[in-house]
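Asker: Handing you a structure now.
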Amino acid sequence: MSKVCALTGKKALSGNKRSHSLHASRRKWNVNLQKVKVMIDGKPQRVRISARALKTLKAQQNG
């Protein structure tokens, strides 16, 4: 299962980890994915979406 948001398509970002001496080694920032049941075409489906997308969905439902 890939680490990609089903709604927004967000993926992991990569960059450098910097030590105190500024030595660079590669690292990854993963997406904060949550398993959620969402209504898609009138049917509840379990999808993996980012926490930011989930927050946006909840705001749209309550607003």
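Every read-out reported here was derived from the displayed coordinates using simple, explicitly stated rules and does not represent laboratory data. Quick caveat: nothing in here was measured; it's all calculated off a predicted structure. Heads up, the Cβs are rebuilt from the backbone with ideal geometry, glycines too, and the neighbour counts pull from every protein chain shown.
Asker: Go through the stretch 1-31 and report how many residues are more than 9 Å from R48 (Cβ to Cβ), of a type in the set (K, R) and in contact (Cβ under 8 Å) with a residue 24 or more places away in the chain.
Answerer: Selection size over the stretch 1-31: 1.
Asker: Considering K43, K17, which residue is under 21 Å from M1 (Cβ atoms), surrounded by fewer than 11 Cβ atoms within 10 Å (Cβ to Cβ) and over 17 Å from the mean Cα position of the chain (by Cα)?
Answerer: Only one candidate passes the filter, namely K43.
Asker: Next question. What are the residues in the stretch 20-31 that are exposed (fewer than 14 other Cβ atoms within 10 Å of the Cβ), touching a strand residue (DSSP E or B) at 6+ places or on another chain (Cβ under 7 Å) and within 29 Å of A6 (Cβ to Cβ), if any?
Answerer: R26, R27, K28, W29
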